[in-house]
There are 2 protein chains.
Amino acid sequence: MPYDPSEFPPFAVTVDLVVLTVRRHALCALTVRRGEEPYRGLWALPGGFVRADEDLASAAARELAEETGLRTQDSDSRHAGAHLEQLATYGDPVRDPRMRVVSVAHLVLAPDLPAPTAGGDAGSAQWMPVRRLLGATDATPAERLAFDHATILDDGVERARSKIEYSSLAAAFCPAEFTVGELRRVYEAVWGVALDPRNFHRKVTGTPGFLVPVGGTTTRQGGRPAQLFRAGGASALNPPMLRPDV
Amino acid sequence: MPYDPSEFPPFAVTVDLVVLTVRRHALCALTVRRGEEPYRGLWALPGGFVRADEDLASAAARELAEETGLRTQDSDSRHAGAHLEQLATYGDPVRDPRMRVVSVAHLVLAPDLPAPTAGGDAGSAQWMPVRRLLGATDATPAERLAFDHATILDDGVERARSKIEYSSLAAAFCPAEFTVGELRRVYEAVWGVALDPRNFHRKVTGTPGFLVPVGGTTTRQGGRPAQLFRAGGASALNPPMLRPDV
DNA sequence: CTAATAGTGTCTCTTAGACAATATATA
DNA sequence: TATATATTGTCTAAGAGACACTATTAG
């Protein structure tokens, strides 16, 4: 089928963001309250239009900065920048009742932040526990997500859950320097399981290049002081960390 | 940022297809010769515009049928339908010199087909060995792909290589009934390595639900007749098949 | 002291990988 | 017969999971 630029159907293209963090042992997603129809009053994922001269990843990074003040890792290579990657694209013809909108969803993994309302126009942004947004059982209608955002969030959470199995991506949920116990609690929150602290310690410290000792210790968690590490260059974890119960 | 439908920038949205198969022990991709500018005469991935009332996956399935006559597995649940999944979306502002085009790439894994030109408008479609399209070393200019299609193909090949590690997706490269040896040759072609036939046999037949014996035998490959299997329902392979050399 | 977390060691069981040996077809 | 592929079995080394034990802080 040859291109015919004069008769292509016009689409609006947006980016939506699944921004995940771990707060108080729970996996949370950033949500914003919709102030207008459709779905007025419901929670939605942050997002917005891709500009005419803008790359998709740039649009996602820009929206992220606007909503949270977060920088991505690409721009600031070492200091706890958030991880950003493309997730998937959603283009059901009726997903937005107003017009044909194709949304390129992105996944952001961020360390715990003090408060989500750093940016300008996100007056009612909030970290919501993923369990409450996706709980198939008894979701309060007020906690339902607008549009197809529950599907997008579900896909993003599943991506995060599977990616930390075989990569060092879980460190993106931690501050620049962290302990083995903090990293383990990330896995436990994301997977919703309990891991044996001793076997976990042996696994992550025994994988070359996965963690780099940084010298100091901390007693943030109480108990015996723990060594501080930062994420090593090894992005591949082989053999992978095995998710229990699967 | 509130929606303002009256001033969103208009985009064209296309689907591009990375259609992979295994022919004569080599991983091959479906390519079409471009008949017009830009990139006239170069190979490109098949694809086309998403229609105004069409879902992304439907557009990909339609283009696939037009170019190859292949049906996807969703429509025909058991008989060697091709596997189709969304791959990623490419939206660099200058990826198409004529206009702003966002392309939602899809990955198709298909059994070996007699000839690629089953459809109507794909007069110059051809299976090309992936090695020659992506060979970083000495790629003939005539074998370069148009637009950013080399990047898309690379992403698709990498997706296929990693997904067969932990899923039964390799069976999508085989006919409906296949032998353990044929499945092993798929892994060998996709990964570009040699696998031990005995350990491979033990692994795949020892994983419950991965392969279902279908009763007959075949001697397609010469040698002792091999049992025929079809893909089992178990889509998850845990622990995964380990890719050597990594 | 107790409670909490960090970290090491040890045991068992499963499995990957190497490879010997046997089975059954074609040329 | 030789040759090719299929299939089973055996051995070893590595790693996961269970868990005893020690180390070091706070209260």
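The values are calculated or read from the model by the stated rules, or taken from the named source; none is laboratory data. These numbers come from a predicted model, not from an experiment. Cβ sites come from the backbone with ideal geometry, for glycine too, and all protein chains shown count toward neighbours.
Worth pointing out:
- Residue within region A:173-183 that is among the charged types (D, E, K, R) and crowded, with 20+ Cβ neighbours inside 10 Å present: yes
- Elements of type helices (runs of 4 or more DSSP H) in region B:76-192, at least 2 residues being under 20 Å from B:GLY48 (Cα atoms) and at pLDDT 95 or above: B:149-166
- Residues that are within 11 Å of chain A (Cβ to nearest Cβ) and surrounded by 14 or more Cβ atoms within 10 Å (Cβ to Cβ) within region B:24-38 comprise B:VAL32, B:ARG34, listed in sequence order.
- Qualifying residue in region A:144-162 (condition: more than 16 Å from DNA strand C (Cβ to nearest atom), over 23 Å from the mean Cα position of the chain (by Cα) and within 14 Å of chain B (Cβ to nearest Cβ)): no
- The number of residues in region B:52-63 being closer than 19 Å to A:ARG100 by Cα, more than 7 Å from chain A (Cβ to nearest Cβ) and of a type in the set (A, V, I, L, M) comes to 3.
- Residues (exposed (fewer than 14 other Cβ atoms within 10 Å of the Cβ) and more than 7 Å from DNA strand D (Cβ to nearest atom)) located in region B:221-241: B:GLY233, B:SER235, B:ALA236, B:ASN238, B:PRO239
- Residue check for A:VAL32: in contact with a helix residue (DSSP H, G or I) (Cβ under 9 Å, 6 or more places away or on another chain) and at pLDDT 95 or above: no
- Tally, over region B:194-223, of residues that are farther than 20 Å from B:PRO111 by Cα and hydrophobic (A, V, I, L, M, F, W, C): 3
- In the condition set (1) more than 10 Å from DNA strand C (Cβ to nearest atom); (2) in a loop (DSSP other than H, G, I, E, B), B:ASN238 is compliant with all but (1).
- Options B:ILE152, B:ILE164; residue that is in contact (Cβ under 8 Å) with a residue 24 or more places away in the chain and touching a helix residue (DSSP H, G or I) at 6+ places or on another chain (Cβ under 9 Å): B:ILE164
- Residues in region B:163-207 that are within 16 Å of DNA strand C (Cβ to nearest atom) and in contact with a Lys or Arg (Cβ under 7 Å, 6 or more places away or on another chain): B:GLU165, B:VAL190, B:TRP191, B:LEU195, B:PRO197, B:PHE200.
So that you can scan it fast, the table gives a plain yes or no per residue for (1) surrounded by 14 or more Cβ atoms within 10 Å (Cβ to Cβ); (2) within 16 Å of DNA strand D (Cβ to nearest atom):
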position	(1), (2)
A:LEU133	yes, no
A:THR151	yes, no
A:ASP155	yes, no
A:ALA160	yes, no
A:ASP196	no, yes
A:LYS203	yes, yes
A:PRO208	no, yes
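- A:PHE49 being crowded, with 19+ Cβ neighbours inside 10 Å, in contact with a strand residue (DSSP E or B) (Cβ under 8 Å, 6 or more places away or on another chain), within 11 Å of another protein chain (Cβ to nearest Cβ) and without any contact (Cβ under 8 Å) to a residue 12 or more places away in the chain: no
- Within this structure, A:THR21 fails the test of being within 14 Å of chain B (Cβ to nearest Cβ) and in contact (Cβ under 8 Å) with a residue 12 or more places away in the chain.
- If you go through region A:208-235 and pick out every residue that is away from chain B (no Cβ under 14 Å), in contact with a Gly (Cβ under 7 Å, 6 or more places away or on another chain) and either among the hydrophobic types (A, V, I, L, M, F, W, C) or near DNA strand C (Cβ under 10 Å from one of its atoms) (or both), you end up with 6.
- Condition check for A:ARG185: more than 12 Å from DNA strand D (Cβ to nearest atom), touching a His at 6+ places or on another chain (Cβ under 8 Å) and either assigned by TED's automatic domain parsing to the domain that holds A:CYS28 or not hydrophobic (A, V, I, L, M, F, W, C) (or both): yes
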